[in-house]
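Here, each number is a calculation from the coordinates, and none is a lab measurement. Since this is a predicted model, take the numbers as computed values, not measurements. Please note: Cβ atoms are built from the backbone with ideal geometry, for glycine as well, and neighbour counts cover all protein chains shown.
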């Protein structure tokens, strides 16, 4: 097979790759994290690279590239890495600009937390086994089980690997051993002698974008270490659908993504254990939450059909799987508990959200909105709960937005526009020169433009305004937030008319989900006691701005509560108590899933919700009052 | 590390091996099966090889070799492979004579069999799963379980690997799947579509010397194929104690022996499936019996302490272990059922013997004697059962006997001596020239020598007889059975005074076990309804000869029943019925184990039993009558 050499700058990473593959694939092979939201389909336009040498040995510019790149960019050698196919055996030099990289991102680790009565799944027992004699030569294993039964009145199974360790362990410990019992059902570990150190567990929240995990002392319930990382699956596609597309491409791809996520969890586990000074084998339990696709990939279950109508999950019930079957490096006999899911697009993370907010038992009606590329909404109270999933898209994570980026250093996170002078102010994460707009910055920008009447309630630029910041680019109108003199990229940072359209679609999806749930439950905005906003984006967005653009119903701001990473909190609660696990199963069963696409009003509702704040302005009396004030 | 080249003749197998290792180790590395009863300790004298070249590069003759080899043998280059250590980097040429090889052996496959009502642990279900829709998007797994529950009123767990296959399987089969349920508890396999082929199971009897296995149609109960092989662990030591010694030598040795036995079972499985024309994945159940050490090694459990007082097993209860955890290549989700053991030296094979003979429920008192290197005896009836284990040694398998060999081609299996002329007649297995004596030949020889008064009741040669066949070798008296002109080895085949002593010890061990059990149960020979003789040796020995030398109590010959390989029969019964498994557990629990060493009469009884047939001749009235007749 003919092979070509590719060099990635500025790192100078190089590799040999067969002719016929794309530069995106080449970058992935060297370990370079290039953004790719659409999974290499040429749609998202995020995987921009610059050809520095060997451009004649790359396929011609495709239609997809022509849609994403400006004339001048193309002239300067910009290409989409996913479209650029290596044609022959020459050296190709490629520059990967900062905007195309997956950077260090701010990850939200804390969430609302409910106190839980400690009732972990694992229990330590120190057992003094009676020595055998010629008159009592019962076997080691039966002798051990009998002693445990005498002490605890329990019949236990023995894990196979543990069984193999019994003969040496009882003798090394001079007939005293320390065992770990799981769920009062199975002996999952044995060590010679008396071990009095505390037991640990690990709670993991697998987000599409981030992993957050907590090492928890199971004897006290205290968090011993908190660790996080970007989801190492990002190079395979930034959203769930892209990763599922990747999995569908070849038989081994599921195994590959599964291995990548397990390696990620193991690396978090090692980091957390190192911080606390324990061995990973001393961790005897692990709980996992995540959206349905992440949950399936972690378990190695094909998530393919989650992406196809009628979008069923492969597994809804919770599952207990031996750590060694999954390759997770906690104690080899220990079990991993994966919380239940609700539907193909309402996962175990939503169940965890419900647990942490107690929405399942509150008397008043509450709404939980976990905002992400996919937004899950739960509405209800102790009597009835409904949930739906909204395809809100990645706009609030900075994707599909011309200068959008994720909430990393240099992202504009707050924007204000003086309604008189129309001057723009902004603040960036870590107060460095701006390089783009993150979700909260985008929402702020749109809300401020609305208030300043730069954008109409229909979402159109007010082209009548004689304002130097408003201008027409090759295709559309755009508004300059930060002029190139101030930015780290050397380009203006703008928001375009099509960016505004993306925001309209995204916020309409969320609002429509909430409103259709409310219709089914016969709930009015004034009936809602609290709106819980969960997820990283939710925690940083300005609630007033979010309400102004009509992202959620018009309730008093004091009734909106940012609850943070409740998915992680729920995972931790399940780690601490088997009662919580039973409760999770029950809650997941109780939550009625509503497929929005089936509702006859969906299309109409959605179109009306694309207006700012809504076509039926009477639904947003407070927002309209404030907009009119300006 | 300095390495030497060793060539084994006549095959011409060659290898390079580090200086300092023995020729036995070198042979094992090339896969040559050299007999080694003592595990390389220089005691058994079975691993004779002839140095053909490079003798100066091998360690000097050891004291152990001087004890085993005659002057003339040493002059001709004979050495014990286990004692011959490679000294420096030269080529060494070694001949492995036929007598030192582990030959093709006759393996007894059939045993008494009891009809069992079919109730296998695995059941096939063809399930028509309701397709999901937008209004009913329940998960694939829950949908499948619900349908099964509707059809069978059962709550099933799902095997982890099976769970991963559900999404593709239900769609490939257009929502019809065939599943396998184990013990009405767990779904262990799923296949798309409707599969109506019969289910198969595999029953394995792991003997110290041989493996016998049966592929069984679980729908009909019929044996579809019978396969057998020598236990591939033989090169590591021919008896249980030698193998345990080997395991104790280094940490990885248990794993090595475990892998070797699993590979053996897999090779039998492949052979049997090929005969029947099915895939090994179509085998959904496997039962295993074996003595406690074999049972432990198969499971990878250290058998070390079985060999040390008070000789406890590591595990007595039965165990169900996933095939994939053990590396056995039946269906990966299937379970392997290992039958319970009774004590360190009374294993799952004895439990299987009890099941096949129904000794556990018979009204009259019966004795089961499973003769091997270790002989297990069970005595009792439906009310009470006792068992013991006798260290009968390998004499009846041809070991510790000067010209002993196992029951393979060329072994003398029957011997008769004319009491008048004292002429000797014999018959060999496969009627070829004799190369040694197997167990039944040894027993015949001794019984015939007793009847001919060549040997006294105390076991001493009658040196007063002027008989050319009786002569004195360097050390002791010996009796020529086959002169060198008739043999395949070119040497006389003899039985020596020390061989007779070995037989005395072996038969005394068995008789003492039976008599002490009888004492504990207050049973006289006339109370015994039947003596069941199990095991390969038992099946070929002449019962009159065995009784003549006093191997078992003096009961009428019609009450002695050779039941063959009842261990294999019991394994097959357990394969066919979960009721039999429950029964096995109950029987194993019920059988009271008696440690012979603890009985105060043991030494005295044993010494008296070394006489032919017994020092207290009144215990053998019928044998004595017949001896006196001659």
Projected label distance in nm at residue B:136 and residue B:270, using a 7 Å step from Cα toward the beta-carbon: 4.7 nm
Just tell me how shielded A:313-320 is by partners: mean number of partner chain Cβ atoms within 10 Å of each residue's Cβ, no decimals. 6
Stretched out fully, how many nm does the piece from residue B:9 to residue B:522 gain, at 0.36 nm a residue minus the Cα gap? 178.9 nm
Relative contact order %, chain A, counting alpha carbon pairs below 8 Å whose residues are six or more apart: 13 percent
Computed, not fitted: 222 nm per-residue ellipticity of chain A from DSSP H runs ≥ 4 (each -39500 (n - 2.57)), nearest 500, equal to -9000 deg cm²/dmol
Going by average Cβ density within 10 Å per residue, which order do the peptides A:128-134, A:560-566 take, highest to lowest? A:560-566, A:128-134
Distance in Å, no decimals, from the C-alpha centre of the stretch B:307-342 to the one of the stretch A:358-395 is 49 Å
Shortest first and in nm, the label-point separations between residue A:498 and its counterparts in the other identical copies (7 Å out along Cα→Cβ) come to 9.7
State the dimensionless ratio Rg/Rh of chain B (Rg: radius of gyration of Cα atoms; Rh: Kirkwood radius). 1.03
Measuring nothing but label to label, 7 Å from Cα along Cα→Cβ, what are residue A:151's distances to the other copies in nm, shortest first? 4.6
Quick one: grab Rg to one decimal and Dmax as a whole number for the stretch A:510-572, Cα atoms only, in Å. 12.3, 34
Normalised by the number of residues in the stretch A:116-247, what is the relative contact order in percent for Cα pairs under 8 Å and 6+ residues apart? 20 percent
Partner shielding of A:294-307, as the mean number of partner chain Cβ atoms within 10 Å, equals 3
Compute the length gained on full extension between residue B:383 and residue B:114: take 0.36 nm times their separation in residues and subtract their Cα-Cα distance, giving the result in nm to one decimal. 94.8 nm
Determine the gain in length on full extension of the stretch residue A:176-residue A:472; use 0.36 nm per residue of separation and subtract their C-alpha separation, reporting nm with one decimal. 98.5 nm
Measuring from the lowest to the highest alpha carbon on each principal axis, how far does the stretch B:402-485 reach, largest first, in angstroms? 36, 28, 24
Rounded if a/c under 1.5, otherwise prolate or oblate - the stretch B:3-100, Cα gyration tensor axes: rounded
Quick one: compute the contact order of the stretch A:391-499, relative version, from alpha carbon pairs under 8 angstrom and 6+ residues apart, as a percent. 24 percent
Point-to-point label distance, residue A:590-residue A:64, nm (Cα→Cβ direction, 7 Å offset): 4.6 nm
Averaged over B:335-342, number of beta-carbon atoms from partner chains that fall within 10 Å: 1
Could you sort the peptides B:159-170, A:487-498 by per-residue average Cβ neighbour count (10 Å cutoff), highest mean leading? B:159-170, A:487-498
Which three extents, in whole angstrom, do the alpha-carbon atoms of the protein assembly as shown cover along their principal axes, largest first? 139, 67, 55
7 Å along Cα→Cβ for the label point: how many nanometres lie between residue A:119 and each equivalent label in the other copies, listed shortest first? 3.6
Ordered by packing density, taken as the mean number of other Cβ atoms within 10 Å over each peptide's residues, highest first, how do A:199-208, B:246-255, A:80-89 rank? A:199-208, A:80-89, B:246-255
For the stretch A:122-192: rounded, prolate or oblate by the Cα gyration tensor [a/c cutoff 1.5]: prolate
Rounded to the nearest 0.05, FRET efficiency between residue A:146 and residue A:123 (Cβ-Cβ, R0 22 Å) equals 0.75
Counting only DSSP beta bridges with both residues in chain B, tell me the antiparallel percent, nearest 5. 70 percent
